[in-house]
Amino acid sequence: MNAIASVTLEVADLQAADRFYTTSGLGTHVRLRASDTPTTGFRGFTLSLTVSQPGDVRLLFDAALDAGATALKPVSKSFWGFGGVFQAPDGTIWKIATSAKKDTAPATGRVDQFVLLLGAADVAESKKFYVAHGLTVAKSFGKKYVEFAAADGSPVKLALYGRRALAKDAGVPVDGEGSHRIVLGGDGTGSFTDPDGFAWEAAAVSAAS
């Protein structure tokens, strides 16, 4: 395996989720699958969209709120740039951000990068696991954060962050149990589960969902 081919969200109300992701424009990044597997609290991951300027953050963020999302961290400036966090009606947490602090052109809503952040109980151990499964480390900050290189053509980049730190960044309590409600499709791999319980399946299976 050297890339994530797809991200499938498992949702309790498939019709409502499809309506939200279609209306908000976020549906181009994820697939949906019906599931009633119990889940409570923080699910241990966030989906992050990186854009070029603050206007694009506002455009995408407002579209999500208009479609029914709930703001967890309203868009604002920070020392690193500009961004905000919201929770979709199905419970998935999304972050939209840019390193730019000023607009230089009209907003288009174009996404530069889609990143899946998995909260790890032990970042170093999860890093070893994914390296053994064929991923290449692009950035690593000790036991705090790891980012893997995305293969050419891959729609999403994978990164690992400490679970507690990820929950803090998302603006939610760290507690949570049950299903993660996400399934990852991998190129050239069968089904497996990582050290933190995140499920992977062959990309062909995910595409058929």
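Residues in region 168-192 that are within 15 Å of Ile4 (Cβ to Cβ) and modelled with pLDDT of 90 or more: His180, Ile182, Val183, Leu184, Gly185, Phe192.
Contact map, region 107-128: first residue touching a residue at least 40 places away in the same chain (Cβ under 8 Å) and under 18 Å from Ala170 (Cα atoms), second residue of a type in the set (Lys, Arg) and outside any strand (DSSP E or B), Cβ cut-off under 9 Å, separation 6 or more or different chains; pairs are Leu118/Arg163; Gly119/Arg43; Gly119/Arg163; Gly119/Arg164; Ala120/Lys127; Ala120/Arg163; Ala121/Arg163. The strands (runs of 3 or more DSSP E) located wholly in region 92-209 include none with 3 or more residues which are within 18 Å of Glu10 (Cβ to Cβ) and β-branched (Val, Ile, Thr). Quickly run through region 68-80 and pick out the residues that are in contact (Cβ under 8 Å) with a residue 24 or more places away in the chain and either buried (at least 18 other Cβ atoms within 10 Å of the Cβ) or not in a loop (DSSP other than H, G, I, E, B) (or both). Answer for region 68-80, where residues must be in contact (Cβ under 8 Å) with a residue 24 or more places away in the chain and either buried (at least 18 other Cβ atoms within 10 Å of the Cβ) or not in a loop (DSSP other than H, G, I, E, B) (or both): Ala69, Leu72, Lys73, Lys77. Residues that are more than 17 Å from Val115 (Cα to Cα), in contact (Cβ under 8 Å) with a residue 12 or more places away in the chain and assigned to a helix (DSSP H, G or I) within region 22-57 comprise Thr23, Ser24, Pro54, Gly55, listed in sequence order.
In region 116-128 there is at least one residue matching the filter, namely being surrounded by fewer than 18 Cβ atoms within 10 Å (Cβ to Cβ), farther than 17 Å from Ala165 by Cα and out of contact with any Ser or Thr (no Cβ under 6 Å at 6 or more places or on another chain).
The values are calculated or read from the model by the stated rules, or taken from the named source; none is laboratory data. Remember, it's a predicted structure, so these values are computed and weren't measured experimentally. Glycine also receives a Cβ, built like all others from the backbone with ideal geometry; neighbour counts cover every protein chain displayed.
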